[in-house]
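A quick write-up on the structure given underneath.
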């Protein structure tokens, strides 16, 4: 996620990272080159390259803008839902670390194991939701037996939640955890599981492909027809106008495609790795550890 709160207006004008520009350069260059060809043919051989009134194109552009705004709104809602659900993981992890104090645990071993499993759960969500990420942080605080469970599971975060529930049930049977306290802790684990399911739903259920197909096809047709409608009124300025409109249309389309995948590794993605590291630091602090790493900081104005 781009973190640049103090940027001036002039700096924002020339910011490249996260601006989508590099992704849409081929479309901009292609449409501008096509517009130059249309203007040249219209001036040198108007009988082979006629023009028409651009009023109809304006109406198509308005309709296309409305549809594009609808898709971008859906994509942003997915991005914000991902942020809200991972925020729930952060909140419930901290809450669970407070609630484990209800356990009758003289030596603190049971409490440490439960918090270590919670840290592993938060870190395990990262490779589960974002491809290409190592799981070394997820297994760093696990025992050898728990690592085997992690490696054998097709859903490691859920397997870790099961281990937590099994430990809580064992503590209850041993009389070290009361019924009400068990229900309180189990409810928090259920909230963590619900947040995981919501994140999995966002990852595995994209916006229907028909929206993207309709948007891109209509945009290409509109932009290829654009120079014919404005060649008389704009002449050689038509390619510049077409390039600016292409940047706006395809830039918004590319941004929507990124926001649609909030957990992916791109500059506009959610900083889930930083959030998981924050959870680990907070929970290790609850155990009384002092050799804690610093809180995550953006690198090059990007927080991953």
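The values are calculated or read from the model by the stated rules, or taken from the named source; none is laboratory data. Computed from a predicted structure; not experimentally measured. Positions of Cβ are backbone-derived with ideal geometry, glycine not excepted, and every protein chain shown enters the neighbour counts.
Here are some notes:
- Residue check for residue 284: more than 15 Å from residue 87 (Cα to Cα) and assigned to a loop (DSSP other than H, G, I, E, B): no
- The single residue among 212, 217 that is assigned by TED's automatic domain parsing to the domain that holds residue 41 and surrounded by fewer than 16 Cβ atoms within 10 Å (Cβ to Cβ) turns out to be 217.
- Residue 259 meets all of the listed conditions (1) within 30 Å of residue 97 (Cβ to Cβ); (2) under 18 Å from the mean Cα position of the chain (by Cα); (3) surrounded by 19 or more Cβ atoms within 10 Å (Cβ to Cβ) but one, namely (1).
- Among the residues listed as 65, 35, 51, the single one being at pLDDT below 90, farther than 30 Å from residue 181 by Cα and surrounded by fewer than 16 Cβ atoms within 10 Å (Cβ to Cβ): 65
- Count - residues of region 102-160 that are more than 29 Å from the chain's Cα centre (by Cα) and on the phi > 0 side of the Ramachandran plot: 1
- Verdict on residue 44 being more than 30 Å from residue 256 (Cβ to Cβ), more than 24 Å from the chain's Cα centre (by Cα) and modelled with pLDDT of 80 or more: yes
- Any hit, region 82-95, residues being at pLDDT 90 or above, outside any helix (DSSP H, G or I) and farther than 30 Å from residue 175 by Cβ: no
- Yes/no for residue 226 being crowded, with 16+ Cβ neighbours inside 10 Å and either part of a helix (DSSP H, G or I) or in the same structural domain as residue 66 (by TED's automatic domain parsing) (or both): yes
- Criterion applied to 168, 223, 163, 192 was being in contact with a helix residue (DSSP H, G or I) (Cβ under 6 Å, 6 or more places away or on another chain), closer than 24 Å to residue 94 by Cβ and touching a residue at least 60 places away in the same chain (Cβ under 8 Å), and the one residue passing it is 192.
- Helices (runs of 4 or more DSSP H) fully within region 108-203 counting 3 or more residues that are closer than 18 Å to residue 82 by Cα: 109-129
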